[in-house]
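One structure below.
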Amino acid sequence: MGRITEDMVRRRAEHNNCEIYSLEELSLHQQDIERLEHVDRWCRDLRILYLQNNLIPRIENVGRLKKLEYLNLALNNIEVIENLEGCESLQKLDLTVNFVWSLSSVGSLRSNTHLRELHLVGNPCSQYEGYRQYVITTLPQLQSLDGEPIKRAERIRAEQGLEKLRRRIQEQQADQWQKREQEKKAGQEKNTPITQEDGSDEESPESEAERLQREKEFWETPCDYTPESRMEAHRHMEEKRRQSSGEPEKTPKKTRTLMTEDGRALNVNEPKLDFTLTEDEDNNCIQLDLHVYRHLDTSLMEVDVQPTYVRVMVKGKVFQLCLFAEVKPDSSSAQRSQTTGHLLITMPLLHGEVKPKKLPPKKPLVSHSNQVDEDKKRKGEWLEVDPSKAPLDLSNIATTTPSGPQLLRKPPAVPAVSKDFIDNPDVPPLM
């Protein structure tokens with residue numbers, strides 16, 4: 001089965017330095033893709049998407065592409081137009097040579113108000129009587145249908161007799177649906193393995209002539225052009241190519257068991273990542289630190305927290321870990337480090353004692369005066385008294401007089417007079 005893989009998308013993003021999250025144009029034509037998936041999650045900024053000449057049976061998983069302007073699904077196995085309401089910016093849709101039999105399904109494109117071009121040529125619905133008039137009246141925003149511009153006069157004529165036209169379209173759809181059911185039944189009968197006489201389904205070995213004759217009959221026998229016939233031709237060519245190249249037949253990959261029969265989760269580490277599981281007693285929670293690759297895009301990871309286990313999908317690979325206690329999934333959170341790229345999942349415990357948070361120790365209260373003294377001592381403005389010297393005697397600092405205690409003051413010192421000093425009265429005093 002051809003599937004869209006991340007490696008396939010990255011190889012077609014060389015012009016964008018292999019970055020897929022900011023990719024605006026993607027071409028996946030002629031890749032034998034049998035299902036449209038993953039693109040809406042990996043490439044949210046897509047504007048142009050080419051998927052022509054594949055084996056896609058249904059339009060799906062494109063509703064998140066809000067910026068998509070052009071979608072090419074020509075030469076596929078699509079039968080119904082659906083699931084395009086989310087493509088708000090869609091301007092051109094190409095469904096050339098598909099198997100769209102439900103013409104009324106074009107009504108799902110009414111919400112695509114920016115749709116200007118639609119291509120349905122080569123589909124069974126394009127053979128209906130009144131096909132063009134019905135599409136023009138159903139989608140008034142269209143400017144071109146099957147490469148032909150829609151003129152104002154044609155739109156006015158198409159609106160006349162609309163009810164009769166709708167009944168006629170419904171009748172033709174019912175006939176085509178019955179025919180389609182018969183084709184599906186015939187395809188199932190044709191693909192039913194032939195049982196041998198001994199009851200086994202294995203084919204008996206055939207000679208080279210028989211193989212060539214069977215090959216000739218396969219390509220020369222006329223058959224209806226249906227999705228089943230396209231798939232049969234594709235598988236026949238794949239089988240022939242495998243036999244000619246000598247490649248061994250691919251066996252389907254065995255799915256890994258994640259749960260036991262009694263519902264118990266198993267520990268699985270497919271991406272082979274290191275991790276750390278710790279219990280934070282202060283916050284009453286369990287923390288899982290998953291060492292995810294630093295440059296891995298976050299859109300490639302999915303986190304699922306359950307009461308007894310946690311599961312992380314990393315690039316499609318499963319990391320699952322059982323928890324030693326029940327947690328609250330609704331209160332859990334996941335954060336990713338911008339420096340290391342690690343994924344930290346915090347899961348509050350369901351049962352446990354909630355402890356108060358430890359506050360930092362309070363600093364002792366210091367008065368303003370003490371703070372000033374400390375600052376002065378720190379700056380060296382105060383001098384320490386040498387304790388080895390005798391302390392000052394302050395007992396005789398004052399004397400008692402009849403008028404009251406008086407402070408002892410030392411008389412001013414009189415400078416000594418030289419013997420040769422002569423006092424001249426004509427010279428004025430210096431003071």
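Just so you know, all these numbers are worked out from the coordinates, no wet-lab data involved. Only a predicted model underlies this, so the values are computations on that prediction, with no experimental measurement involved. Counting neighbours? That spans all protein chains shown, and the Cβs are built from the backbone with ideal geometry, glycine included.
In plain terms, the chain from residue 331 to residue 283 could stretch by 16.0 nm, reckoned as 0.36 nm per residue minus the Cα-Cα distance.
Of the trypsin sites (Lys or Arg not before Pro) in the stretch 102-156, the ones in a loop by DSSP (not H, G, I, E or B) with at most 16 other beta carbons within 10 Å are 110, 116, 151.
Within the stretch 128-164, the GluC sites (Glu not before Pro) that combine a DSSP coil assignment with at most 16 other C-beta atoms in a 10 angstrom radius are 129, 159.
Using the Cβ-Cβ distance between residue 132 and residue 67 with R0 set to 25 Å, the FRET efficiency works out to roughly 0.25. Take the Cα of residue 267, step 7 Å toward its Cβ, do the same at residue 160, and the gap between the two points is 8.0 nm. For the stretch 290-331, the set of trypsin sites (Lys or Arg not before Pro) satisfying both a DSSP loop assignment and a count of at most 16 other C-beta atoms within 10 Å is given as 294, 315. The DSSP beta bridges internal to the stretch 6-177 are antiparallel in roughly 10% of cases. When the Cα gyration tensor is reduced to axis lengths a ≥ b ≥ c, the ratio a/c is 1.5 or higher for the stretch 268-348, and with a/b above b/c it is classed as prolate.
Given 66/151; 92/179; 92/151; 272/328; 216/240, which pairs have Cα atoms separated by over 24 Å? Correct reply: 66/151; 92/179; 272/328.
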